[in-house]
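Student: This is the structure I have questions about; it appears just below.
The values are calculated or read from the model by the stated rules, or taken from the named source; none is laboratory data. Note that the structure is predicted; figures quoted are calculated from it, not measured. In this analysis, Cβ positions are derived from the backbone assuming ideal geometry, glycine residues included, and neighbour counts consider all displayed protein chains. In case anyone asks, the SASA skips ligands and DNA or RNA and just uses the protein heavy atoms, side chains included. Shrake-Rupley method; radii C 1.70, N 1.55, O 1.52, S 1.80 Å.
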Amino acid sequence: MKGANMEKKTESHQHHHYILPTSTACAVGGALLVLTFITVWVAGIDLGKINFLVAMIVATIKASLVGMWFMNLRKDRRENAVIFLTSFLFLAIFIALTVTDLFYRGDVYVKEPWVASVQSKSRFKKPWVSTPELVSYGKTQFNIQCAMCHGAGGKGDGPAGVALKPSPRNFTQADGWKAGRKPTRVFKTLTEGLGGMPAFGSLPSDDRWALAQYVLSLGPVADQDAAADFAAIKVDPNKESAGEEAVTSIPVDVAIERMAVPEEKTN
Amino acid sequence: MSETSVAHGHHHAHHFESAEAEFEACKQGMWLFLVTEVLMFGGMFVAYTVFRGMYPEMFKAAHAKLAVPMGFTNTIILITSSLTMVLAVAAAQRGRKDRVLMHLSLTFLLACGFLVVKYFEYSHKIHDGLLPGGFFTNTELTHPKTPLFFSLYFIMTGIHAFHVIVGMGLMLWLAKRTMANEFSPSYYTPVELVGFYWHFVDLVWIYLFPLLYLVG
């Protein structure tokens, strides 16, 4: 009597839980295999952009079959279906917004004119002498190239610099400058790199001078360059700067950062 | 309240009203976990979309280096393993221990097969120098950004293969518990949830296969 009672309970318990019939499971599995054959077959025919669309539609049909039957979403509580499908909604938003940014930025990406402007002659006659113009141009370049590690205020506290040992130079302090606080020394460090500081020799010389003037302007008055300092970097301070052509193979990440700036600013 | 405890030794945790409430809570937890999985793989799919958008010709040339027959075989293997997993869950629901073990073994063997194919694919790519980033040494593909494709390929299929390995571990765990008679028609929650996990692994592959192998 007790045993029969137990059995009845088990049955009533089972009643809540849907068991997928073997025949249905095999039919769904078969449909998935057929769709796999179809997607491979269609991919073999060159339909241009339609190929991608077809592949994604077939994949989504397959995914729906797996979700609805194998994962039993069609009989599960509705809230579980909502939870799971919402993640795909957010993924769709993630993809859609990224794609609009990537393909519809339009002429913010100024490619050829920018390269041409880099290769032009120096805009500054004597960039080793600090001027407000140089410092302000240096600031725009600093925000693009350096702020990531050295921080927006030049205190060596940028988000990418936190993990660096030694930490990036704090430009607001006079002490600790390994190569000295003179424009030519900073210029040389920018060109060749120093310790953990990477080389930025791919930047036009104007930019490197402007950056040197800007970072020195952040701290106490900088030391004066002597004739020997100019000789060390092979610059004649009495002649006008000829500028220096940027190397044509600039790193892509630098290029993207640079190209994202409207053309007026880089010119 | 005899209904709250079930046969074969499983007692639901005291903070649940009933075994059914426990089952539903566990299942919902699994769905939430799968949501985090969707978003984790989602990030990689977005990276794929961005680089494919930036370098379409490179993707076209690079994807031709992947072996479609291998990817196709693995798709068939994973779909079949999803089917055997479904049958394992159904057998557990019916209390058919022998069938649970048989279907779990089949699923496990198919997962092994998947990894064997993956091993041949990876070793072929390594041999040809089709590797991510700085390890790329292949000279046939000339587009300078080609290593990016193989970074995506190895990271996406690698993390997927890691999920397969985790799934195999879970199957061994299920088999051990099945043999110890821990499951019954009234308690089979772990079998059901591992099933969900395994189908999700299949789901990811359903998108990876066409995106990487077929349309590049």
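Student: Out of the residues in the stretch B:136-153 that are under 27 Å from the mean Cα position of the chain (by Cα) and among the hydrophobic types (A, V, I, L, M, F, W, C), which is farthest from the other protein chains (Cβ to nearest Cβ)?
Tutor: Among them, the one singled out is B:Phe150.
Student: Go through the stretch B:17-30 and give me each residue that's more than 10 Å from chain A (Cβ to nearest Cβ) and either among the acidic types (Asp, Glu) or touching a Phe, Trp or Tyr at 6+ places or on another chain (Cβ under 9 Å) (or both).
Tutor: If the condition is that a residue be more than 10 Å from chain A (Cβ to nearest Cβ) and either among the acidic types (Asp, Glu) or touching a Phe, Trp or Tyr at 6+ places or on another chain (Cβ under 9 Å) (or both), then B:Glu17, B:Glu22, B:Ala25 are the ones that fit.
Student: Name every residue in the stretch A:216-237 that is in a loop (DSSP other than H, G, I, E, B), touching a residue at least 12 places away in the same chain (Cβ under 8 Å) and under 18 Å from A:Ala174 (Cβ atoms), in order of residue number.
Tutor: Within the stretch A:216-237, A:Leu218, A:Gly219, A:Pro220, A:Ala222, A:Asp223, A:Gln224, A:Asp225 qualify.
Student: Another question about this same structure. Give the stretch A:28-43 a look and list any residue that's closer than 11 Å to A:Phe70 by Cα and more than 7 Å from chain B (Cβ to nearest Cβ), or say none.
Tutor: A:Val28
Student: Which numbered condition trips up A:Thr189, out of (1) in contact with a helix residue (DSSP H, G or I) (Cβ under 8 Å, 6 or more places away or on another chain); (2) buried (at least 19 other Cβ atoms within 10 Å of the Cβ); (3) under 19 Å from A:Arg169 (Cα atoms)?
Tutor: It is condition (1) that A:Thr189 fails.
Student: Right, another one. Take the residues in the stretch B:70-128 that are within 14 Å of chain A (Cβ to nearest Cβ) and not in a helix (DSSP H, G or I); name whichever of them is most open to solvent (accessible area, probe 1.4 Å).
Tutor: Ranking the qualifying residues of the stretch B:70-128, first place goes to B:Arg96.
Student: Which of the following residues is in contact (Cβ under 8 Å) with a residue 60 or more places away in the chain, in contact with a Pro (Cβ under 8 Å, 6 or more places away or on another chain) and either of a type outside the set (Val, Ile, Thr) or not in a loop (DSSP other than H, G, I, E, B) (or both): A:Gln213, A:Gln141?
Tutor: Sole residue among the options that is in contact (Cβ under 8 Å) with a residue 60 or more places away in the chain, in contact with a Pro (Cβ under 8 Å, 6 or more places away or on another chain) and either of a type outside the set (Val, Ile, Thr) or not in a loop (DSSP other than H, G, I, E, B) (or both): A:Gln213.
Student: Just wondering, is there one or more residues in the stretch B:178-191 that are within 14 Å of chain A (Cβ to nearest Cβ), open to solvent by less than 10 Å² (accessible area, probe 1.4 Å) and of a type outside the set (Ser, Thr, Tyr)?
Tutor: yes
Student: Also: Return the residues of the stretch A:145-163 that are among the hydrophobic types (A, V, I, L, M, F, W, C) and surrounded by 14 or more Cβ atoms within 10 Å (Cβ to Cβ); say none if nothing qualifies.
Tutor: Across the stretch A:145-163, the qualifying residues are A:Cys146, A:Ala147, A:Met148, A:Cys149.
Student: Could you tell me which of the residues A:Gly44, A:Gly106 is of a type outside the set (A, V, I, L, M), exposed (fewer than 13 other Cβ atoms within 10 Å of the Cβ) and at pLDDT 85 or above?
Tutor: Criteria check complete, one pass: A:Gly44.
Student: Go through (1) surrounded by fewer than 18 Cβ atoms within 10 Å (Cβ to Cβ); (2) touching a residue at least 60 places away in the same chain (Cβ under 8 Å); (3) within 10 Å of another protein chain (Cβ to nearest Cβ) for B:Ala64 and report which single condition fails.
Tutor: (3)
Student: Evaluate the following for A:Val99: is it of a type outside the set (S, T, N, Q), part of a helix (DSSP H, G or I), modelled with pLDDT under 95 and within 18 Å of the chain's Cα centre (by Cα)?
Tutor: In short, yes.
Student: So which of B:Val215, B:Val194, B:Val204 ends up being more than 11 Å from chain A (Cβ to nearest Cβ) and in contact with a Phe, Trp or Tyr (Cβ under 9 Å, 6 or more places away or on another chain)?
Tutor: Exactly one of B:Val215, B:Val194, B:Val204 is more than 11 Å from chain A (Cβ to nearest Cβ) and in contact with a Phe, Trp or Tyr (Cβ under 9 Å, 6 or more places away or on another chain), namely B:Val194.
Student: Here is a follow-up. Answer with yes or no whether A:Val82 is at pLDDT 95 or above, in contact with an Asp or Glu (Cβ under 8 Å, 6 or more places away or on another chain) and in a helix (DSSP H, G or I).
Tutor: no
Student: Looking only at the stretch B:31-43, count how many residues are open to solvent by 30 Å² or more (accessible area, probe 1.4 Å) and either more than 9 Å from chain A (Cβ to nearest Cβ) or within 16 Å of the chain's Cα centre (by Cα) (or both).
Tutor: 4
Student: Please specify each residue of the stretch B:126-153 satisfying the condition of being touching a residue at least 24 places away in the same chain (Cβ under 8 Å) and under 19 Å from B:Ala47 (Cβ atoms).
Tutor: B:Leu130, B:His143, B:Lys145, B:Thr146, B:Leu148, B:Phe149, B:Phe150, B:Leu152, B:Tyr153
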